[in-house]
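Taking it in order: structure first as structure tokens, then the write-up.
What follows is calculated from the coordinates using simple rules that are stated; it is not laboratory data. The model shown is predicted, which means the values in this text are computed figures rather than measured ones.
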Amino acid sequence: MNLDLHGCVGITAANMLCDYELVSPATFVASRNDAGNLVFKAIEMELLATVEIGRISQAGAAKHPFITEAFARMRADQFATHKHVVFDYDYLSQCGPEALETAFARSARRWRK
């Protein structure tokens with residue numbers, strides 16, 4: 001549920017999700033205009049994880065301002081205390097260049113056991 005709501009999980013949780021075979025490790029690459037690529041070690045959700053959190057996904061699709069604002073706050077603040085996190089591949093795919101730069105600065109390196 002956290003993965004789908006917030007786009008990222010802590011390193012330990014990411015490893016556990018992989019161990020449970022709910023997600024699989026993936027590499028996300030975003031090109032920069034000025035220098036090189038941003039390369040993320042990410043996780044890609046498996047079908048089992050999507051089924052588990054389907055109702056949360058539906059809530060996130062609601063257009064009511066209160067709900068969209070709450071989801072935006074959760075994305076920004078849920079893991080604010082985690083120095084390094086592992087991102088969901090689909091979440092990164094939806095981020096703009098500025099958000100990707102910020103995410104890259106927070107991303108974990110060599111997180112998989």
Item to check | Amide proton proximity set for I43, modelled H, under 5 Å, gap of 5+ | outcome: A26, F87, D88, Y89
Item to check | Nearby lysines by direct alpha-carbon distance to K113 (threshold 22 angstrom, same-chain neighbours under 8 apart not counted) | outcome: K41, K83
Checklist outcome for this item: Residue span A99 to F66: 0.36 nm per residue of separation minus Cα-Cα distance leaves a gain in nm of 9.7 nm
